[in-house]
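First comes the structure, then the notes that go with it.
We did not get these values from a lab; they are worked out from the coordinates using the rules stated. All figures in this text were calculated on a predicted structure; none of them were measured in a lab. We place every Cβ from the backbone using ideal geometry, glycine too, and count neighbours over all the protein chains shown.
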Amino acid sequence: MVLWVGRWALFPRFACAALPHAGDELDRLHRMWLRTEQGDVESWLVLGDGVTAERPGPVVVFAHGNAELIEYWPEQLAPYLRMGVSLYLPEYRGYGRSAGAPSERAITSDFVRFHDMLVERPEVDASRIVYHGRSLGGGAVCQLAARRPPAALVLMSTFTSVAELARRWLVPRRLWLDPFESLPVVRELGVPTLIVHGRNDSLIPVAHAEALHRAAPGSRLVLYDAEHNDCPPDWVPFWIELESFLRDAGVISAGPSART
């Protein structure tokens, strides 16, 4: 019983209200659906500035937090588009307009299939795919990275594992249904990694970010005076840092700034 309550707390999808006419205002939006044994799961591809089938560009796969939906993020992540980086937003089962029930196994399976759909598109440069996960989404993209390594990885307010977080509820690690073990993934992945976290995060303590940083060779750790849901407190410095990171990783070259 405790474990099923834990899964309910990890995936509070019924608290996430789907926005009416979601995506209608987005230019260059392609809605992509994945057929699963539980029904269809939604994803969005928003093409970056200047990206076409004739001029494929990099893509960031963004995985959101556990109480969010894909439509909550395109406006906040628009600087990616201005850098010429397309934005891919896969949804979790049971969230928004997507069928089914979420779990680590289901999300991982879907994300692998979403990735494989994505790289088949002519607008996508498959050698320049970045994963960006926030909170639970960090665990999701780490599981994807273990199976489909990216060109670079961005982890924002992410845990070493949900099972480690569950220790506060005295649940043994071996019994947790959806552990989302991120630490062993970043230890072995070997790609440029940016880790962003709030020093005052009371949901996922900053010690998780520090452990991920130690485990990921050559990673960058950027800490802000912030809690969990207000990290970063000012997005302008974050985008400066992120743009520099993507250039150093070879994902983007000199060109229009994300801040213009």
Quick one: check the C-alpha center-to-center distance for region 183-209 versus region 8-76, whole angstrom. 24 Å
Which value in deg cm²/dmol, rounded to the nearest 500, describes the helix-derived mean residue ellipticity at 222 nm for the chain, given -39,500 (n - 2.57) per DSSP H run of n ≥ 4 and division by the residue count? -8500 deg cm²/dmol
Highest GNM mean-square fluctuation, the chain, Cα pairs closer than 10 Å: which of His30, His21, His132? His21
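So for each of 142-152, 113-123, 89-99 I average, over its residues, the number of other beta carbons within 10 Å; can you give me the resulting order with the highest mean first? Intermediate results must be reported in sequence, preceding the final value.
Values: 142-152: 20.5, 113-123: 16.2, 89-99: 22.5.
Per-residue mean Cβ counts within 10 Å order the peptides as 89-99, 142-152, 113-123.
Output the antiparallel fraction of DSSP beta bridges having both residues in the chain, as a percent to the nearest 5. Could you put the intermediate results ahead of the total?
On the way: 12 of 35 bridges.
Here the antiparallel bridges make up roughly 35 percent for the chain.
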List the residues of region 52-84 whose backbone N lies under 16 Å from a point placed 7 Å from the Cα of Arg97 along the Cα-to-Cβ direction. 69-74
Determine ³J(HN,Hα), in whole Hz, for all residues of region 12-20 in sequence, where each value follows from phi through the Karplus function 6.51 cos²θ - 1.76 cosθ + 1.60 and θ = phi - 60°; x replaces Gly and Pro. x, 5, 6, 8, 9, 8, 5, 7, x
If you take the beta carbon distance between Leu203 and Arg147 as r and set R0 to 41 Å, what does 1/(1 + (r/R0)^6) give as a FRET efficiency, to the nearest 0.05? 0.90
Karplus-derived 3J(HN,Hα), 6.51/-1.76/1.60, for each residue of region 222-230, Hz, glycine and proline x: 10, 10, 10, 7, 8, 8, 6, 8, 10
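Under the definition of Cα pairs under 8 Å and six or more residues apart, what whole-number percent is the relative contact order of the chain?
Values: 524 pairs, mean separation 42.6, N = 260.
Taking the mean separation of contacting Cα pairs over the length of the chain, I get 16 percent.
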Karplus 3J(HN,Hα) series, Hz, for region 77-86 with 6.51 cos²θ - 1.76 cosθ + 1.60 (x for Gly, Pro): 9, 4, x, 4, 4, 5, 7, x, 9, 6
Sequence ranges 217-224, 22-29, ranked by mean other-Cβ count within 10 angstrom, highest first: 217-224, 22-29
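Remind me, relative contact order of region 24-158 in percent, using alpha carbon pairs under 8 angstrom and six or more residues apart?
Computed value for region 24-158: 28 percent relative contact order.
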Taking amide H positions as placed in the peptide plane 1.01 Å from N, state which residues far from Leu221 in sequence (5 or more) or on other chains have amide H under 5 Å from it. Ile195
